[in-house]
Every structure is written in C-alpha cells, then in structure tokens.
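Have a look at the structure below before the remarks.
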Amino acid sequence: MRLGGFLRPLRLSGLVLLLALSACAGQRAEQEAMQAQQEAAAAEAEARAMAARAQQAQEARLAAEQSERELRAELERVERERAVQAEARAEAEREAAARARQAAALQSQQEAADRARMLSEQNERIAALEREVVEADARIQRREQANAKLAEAITAAEELLQMLASEQLKYENVDAQGQTVEPLQKSLISELEARKDTLVREARQLGN
C-alpha cells in the first residue's frame, strides 16, 4: 500500500511535466512559424522594390533611346536647311555676277546720265545681294554651329544610353540587404542628362 501510494503521485508529476514540455514546444513552433512568415513578407517586399527599381532603369533607357532618335532627326533637318541656304547663297552670287556684267555692258551703251542712273540701280541691287550673301553666310554659320551642338548632344545621349544600360545590369547583382554590389552613378547620369539638354537647347537657339 505504501509503495503504490508513493508511485501514484510520481506518475502524476511526470504527466504534468510532459504536458508542460508539450505546451512549450507548441509555443516555440508557433513563434518560429510567425518569424518565418515575417521574413517571407520582408523578402517579398524587397523583391517588389527591386523590381520597381529595375523597371525605372528600363524606362530611363527607353527614354534615352527616344531622345537620341529625336536628336538624329533634328540633325537631319538642320542639314537639309543648311543645304538650302548654301544653294540660295550660290544663286545670290550668280545673280550678283550677272547683274555686274549687265551693268558693265550698259555702261558702254548708254549715255552718261542713263549710265549713271543704271549703275546706281545696279549698285543698289548688288549691295542688297551682297547683304543677302552676308546674311546667308551668317545663317549657314549658325546652322553649322547648331549641327556641332546637335552632334555633341547625340554623343552625350549615346553615353547616357550606355550608362543607363550598365546601371540596369547592376540591379541584377545585389547583396543580402538588396543593395547593388556596384555603386550607382546617379550624379553622373544627372550631369549627362543636363549636358545633353543644354546642348539641344543651344542648338535650337542657333537654328532659330
């Protein structure tokens, strides 16, 4: 009787201890599951952020390509206008030469008064044509300067495009914190964009 009475409380104590250990294990498993869910949510948020940054880089690259195409089209337009101005200048020079020859022929055929009047008219016409030639030369010079600015702008746009493509590749190589292993060149990209925009603005001013 004494031995059985002693063993009964001992079994009850073991059962209580077993239940306590089971409860602790369940709480620890629940805590680990919650922690795993939190880590998964953080990883998903970081993945979405990286995808957004990569999308922004892609959009910037596409915008740079469009800007380069527009600059090339503008350069072609300016080249065509320069050719038209050069032809107008050549035509003005031919007309001036013809007028000068006509004035020389009239000088030997007309009387002094008529010759003086005609010469005066021809000189005025020649002076006007010479002014047109000077103005055409000035316009051509401005066009050439605009072409140079546009060429520099295209070079800057190409450099910007290459840099944006390199920046986009950096998003494929990130560390454990989701940061790119190679540093991003944001300030240099901004400088190239500003330089390109300035050159385009100067070229357009020269072309007006």
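The values are calculated or read from the model by the stated rules, or taken from the named source; none is laboratory data. Just so we're clear, the structure is a prediction, and the values are computed from it rather than from any experiment. Heads up, the Cβs are rebuilt from the backbone with ideal geometry, glycines too, and the neighbour counts pull from every protein chain shown. Ligands, DNA and RNA are stripped out before the accessible areas are found, and what is left, the full protein with its side chains, is counted by its heavy atoms. Shrake-Rupley method; radii C 1.70, N 1.55, O 1.52, S 1.80 Å.
The figures follow:
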{"read-out": "Condition check for Ala194: modelled with pLDDT of 75 or more and either open to solvent by 50 Å² or more (accessible area, probe 1.4 Å) or over 20 Å from the mean Cα position of the chain (by Cα) (or both)", "value": "yes"}
{"read-out": "Given (1) modelled with pLDDT of 85 or more; (2) in contact with a Ser or Thr (Cβ under 9 Å, 6 or more places away or on another chain); (3) open to solvent by 60 Å² or more (accessible area, probe 1.4 Å), number of the condition Leu161 does not satisfy", "value": "(3)"}
{"read-out": "Scan of the range 161-187 for residues that are touching a helix residue (DSSP H, G or I) at 6+ places or on another chain (Cβ under 7 Å) and not in a loop (DSSP other than H, G, I, E, B), ordered by number", "value": "Leu161, Met163, Leu164, Ala165, Glu167, Gln168, Val174, Thr180"}
{"read-out": "Tabulated pairs, the range 85-105, first over 13 Å from Leu119 (Cβ atoms), second open to solvent by 40 Å² or more (accessible area, probe 1.4 Å) and not β-branched (Val, Ile, Thr), C-beta under 6 angstrom, 6+ apart or interchain", "value": "Gln85/Arg139; Ala92/Glu132"}
{"read-out": "Residue check for Arg61: out of contact with any Lys or Arg (no Cβ under 9 Å at 6 or more places or on another chain), more than 16 Å from Arg143 (Cβ to Cβ), among the basic types (Lys, Arg) and crowded, with 16+ Cβ neighbours inside 10 Å", "value": "yes"}
{"read-out": "In the range 83-124, residue nearest to Glu135 (Cα to Cα) [restricted to those that are open to solvent by 70 Å² or more (accessible area, probe 1.4 Å) and under 49 Å from the mean Cα position of the chain (by Cα)]", "value": "Arg89"}
{"read-out": "Complete set of residues in the range 65-85 that are touching a Lys or Arg at 6+ places or on another chain (Cβ under 9 Å) and small (Gly, Ala, Ser)", "value": "Ser67"}
{"read-out": "Residues (more than 15 Å from Arg201 (Cα to Cα), surrounded by 14 or more Cβ atoms within 10 Å (Cβ to Cβ) and among the β-branched types (Val, Ile, Thr)) located in the range 125-154", "value": "Ile126, Val133, Ile140"}
